[in-house]
Amino acid sequence: MTWLVTGGAGYIGAHVVWALTGAGERVVVLDDLSGGVPERLPSDVPLVRGTVRDRAVLDRVIVDHGVAGVVHLAAKKQVGESMERPLEYYRENVHGLTVLLEAVVAAGVRRFLFSSSAAVYGVPEEDPVTEDTPCRPINPYGETKLAGEWLVRSAGRAHGLSTACLRYFNVAGAARPELADTGVSNVIPMFFDALTRGEPPRIFGDDYPTPDGTCVRDYIHVADLADAHLAVARRLTELPAGEDLTVNVGTGRGVSVRELADLVAEVTGIHEPAPLVVARRPGDPAGVVASAERIGAELGWSPRHGVRRMVASAWEGWRLRRPEAR
Ligand SMILES: NC(=O)c1ccc[n+]([C@@H]2O[C@H](COP(=O)([O-])OP(=O)(O)OC[C@H]3O[C@@H](n4cnc5c(N)ncnc54)[C@H](O)[C@@H]3O)[C@@H](O)[C@H]2O)c1
């Protein structure tokens, strides 16, 4: 069978493609290249340039490649941008998903894996965050991911698909430098960016009720996340029609921003300027750490890489693209 990986030329998507093909699965990628990099893909994986909002392209790809399952990663993903441009986020992330599901249902494809996010929880009141923690997203990005889960599960129940929604926590690192995240919207690349420009990395608030006062998050290595996709993709072939598996993908371990800043200084060897504590950002929860029990129990999956490996591999990727970096 062939898996259609939407957004497969993206940061996480390319890792998923390598994990699937490395395990002998056949893959075709659909990506509009709005953020994707074709060179990330294995040379023998076909890449179709197009949007998931284009039903004709979807119908053609599914038939031409004998697609029997979909891993849907294509989306817009920046929280701040989603607050400025909510309509674009709903168009890409919700309307795009609707068109894709229509094509999937019409073609009789039976397996569907959806990239969700810890953003569906908003500011969770529970620690650790389980899959039963109430979902109350606080920005349009998180709303589109929650609406996406509803769409996927409803379509699955009504049309007999086996579905999975993976709620990723903070994704970091790279399996190889050339697969690294190219953006600077996450904290680790933001720290690299500041330090390599000779500026202090900024810590937003150190008066939270956490051990060192800075926010605590759950960082998951992208290679571990990709392995989780492979395990879930295989489980989908056994899951009864209409059933859904919704799981957190995190490590269950919290790391504070201060700890991360120390690790970044150690890995990069850039200790000056020291981090600068600035005002809290509105809407930043003190701590968001996954309970990773369900995914462990359901799939026997557990993360293999720690946060040091994430920082070190992200730094290798950063230096590959910016040779001027020390
Ligand atoms: N990076 C994270 O920390 C994180 C956390 C939680 C969830 N996610 C989710 O994981 C998925 C992948 O994220 P990423 O970090 O790899 O982002 P990315 O921007 O690197 O990858 C997204 C890919 O989708 C493509 N794309 C966007 N809109 C498209 C469309 N309409 N049709 C076809 N292709 C389209 C882009 O070109 C890009 O290659 C997204 O759904 C994102 O919401 C990411």
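Numbers below:
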{"quantity": "Condition broken by LEU113, with the remaining ones in (1) touching a strand residue (DSSP E or B) at 6+ places or on another chain (Cβ under 6 Å); (2) more than 24 Å from LEU239 (Cα to Cα) satisfied", "calculated": "(2)"}
{"quantity": "Only listed residue being more than 18 Å from ARG235 (Cα to Cα), out of contact with any Phe, Trp or Tyr (no Cβ under 6 Å at 6 or more places or on another chain) and touching a residue at least 24 places away in the same chain (Cβ under 8 Å), chosen from MET83, MET1", "calculated": "MET83"}
{"quantity": "Candidates GLU143, GLU126 - the one that is under 23 Å from LEU245 (Cβ atoms) and modelled with pLDDT under 95", "calculated": "GLU126"}
{"quantity": "Check on ARG321, open to solvent by 50 Å² or more (accessible area, probe 1.4 Å), touching a strand residue (DSSP E or B) at 6+ places or on another chain (Cβ under 8 Å) and either at pLDDT below 95 or aromatic (Phe, Trp, Tyr) (or both)", "calculated": "no"}
{"quantity": "Residue under evaluation ALA286, criteria (1) more than 21 Å from GLU131 (Cα to Cα); (2) at pLDDT below 95; (3) not acidic (Asp, Glu), criterion not met", "calculated": "(1)"}
{"quantity": "Residue match in segment 89-104 (condition: open to solvent by 50 Å² or more (accessible area, probe 1.4 Å), in a helix (DSSP H, G or I) and closer than 18 Å to ARG157 by Cα)", "calculated": "yes"}
{"quantity": "Strands (runs of 3 or more DSSP E) enclosed by segment 115-229 - at least 2 residues per element that are at negative phi and either within 15 Å of the ligand (Cβ to nearest atom) or within 18 Å of the chain's Cα centre (by Cα) (or both)", "calculated": "162-168, 170-172, 219-221"}
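The values are calculated or read from the model by the stated rules, or taken from the named source; none is laboratory data. All of these numbers come straight from a predicted model, not from anything done at the bench. Methodologically, a virtual Cβ is constructed for each residue, glycine included, from the backbone with ideal geometry; neighbour enumeration extends over all protein chains shown. For the accessible areas, the whole protein counts, side chains as well, though only heavy atoms, and no ligand, DNA or RNA atoms are used. Shrake-Rupley method; radii C 1.70, N 1.55, O 1.52, S 1.80 Å.
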